[in-house]
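Peer 1: Provided herewith is a single structure, encoded as structure tokens, for subsequent inquiry.
Read the figures in this text as sums done on the coordinates, not as results from a lab. All values derive from a computational prediction rather than experimental measurement. Glycine also receives a Cβ, built like all others from the backbone with ideal geometry; neighbour counts cover every protein chain displayed.
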Amino acid sequence: MVGEDEGEISLLHPFSGVQIELPHQNTTVDYDNHHRTGWKMCFILKAVLSASPSHTSDYLLMVIEGNVRFLSFWRLGDIRWTRVTLLGTNRMPTAFYDLIYFNGQIYALKYPGDLLVFDVADVVGPQPTKYHIVAHIPLEPQHLREQLYIVESLGSLFKEYKMMSEHMGQEIFEVFQVDLAAGKMVETRELGDTAFFLGANTSLSVQASQFPGIKPNHIYFTDDYFVTYLAYEEGGGLDMGVFNLADGSIQPHYNGVSLSRFCPPIWVTPTLY
């Protein structure tokens, strides 16, 4: 997703250049009261598609938006964003950290540790959306101010905590494999041939043996702490590296300095579409 200063946003294919215009940010519910720090470019924090717009017109775009991290969605032809409310509660839940599309469903990771799942077919508005909680892990005190992620790898879901430090290069990651059948999460420090990529965009995984130079059992992370981008004149972008899940060490993956006030670094995975 790309945006303009006045809140206009669109989907952009980074290689073909094709853009799909989306409803203005101010079509979200109660926009003025939930505008993130007054910076329109930071209003939408995460986004996930249920299918490629290059292949079909029947797709869902779900986003985390606003200063309290609501869920909203859009389908082709909609003129405004629709806020997700939960069936049976009539509540608009908040504090979502990450989203992923997996096996025809959208999984949403919510503070303080709930993993919610929505069938894409049930996400139609504005009626309340059916959902269920597939796992719940209460956060320990050391996790309360940290980043949370969810990523799919080889048919399994993993939940990650990033515990930040006052000093760059001293972050700690904890990884939990989600047991959907049992509704629980089990900590692991062994990903085998897998490497995770975490940051401001959708979390992803790759098999290191298929990509020369990628280290297995490592987490590649970018700076997604938006406060540094907005609060400092030089911007943010220093909090990046490669975390060794086995021994907790961190090495740089980019040796230069690339700071920005508006553009957190993102991971791009080229595809044929």
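Peer 1: Sort all Cα-Cα distances of the stretch 2-136 into consecutive 5 angstrom bins from zero, then give the percent of pairs in each bin up to the one containing the longest distance.
Peer 2: Percent of Cα pairs in each bin: 2, 10, 20, 25, 21, 14, 7, 1, 0.
Peer 1: Turning to a different aspect of this structure: Would you mind ranking 266, 150 so that the residue whose beta carbon has the fewest other beta carbons within 10 Å leads the list?
Peer 2: With the sparsest Cβ surroundings first, the list reads 266, 150.
Peer 1: What is the order of 73, 211, fewest Cβ neighbours within 10 Å to most?
Peer 2: Taking fewest neighbouring Cβ atoms as first place, the list is 211, 73.
Peer 1: Averaging sequence separations of C-alpha pairs under 8 Å and six or more residues apart, then dividing by the length of the stretch 2-136, give the relative contact order as a whole percent.
Peer 2: 16
Peer 1: Less than 17 Å apart at the alpha-carbon level, and either on another chain or at least 8 residues along: which lysines does that give for residue 130?
Peer 2: Output for residue 130: 110.
Peer 1: Moving on to the next point. Say each of residue 247 and residue 57 gets a label point 7 Å from the Cα, pointing the same way as Cα to Cβ; how far apart are those two points in nm?
Peer 2: In this crude label model, residue 247 to residue 57 measures out at 5.6 nm.
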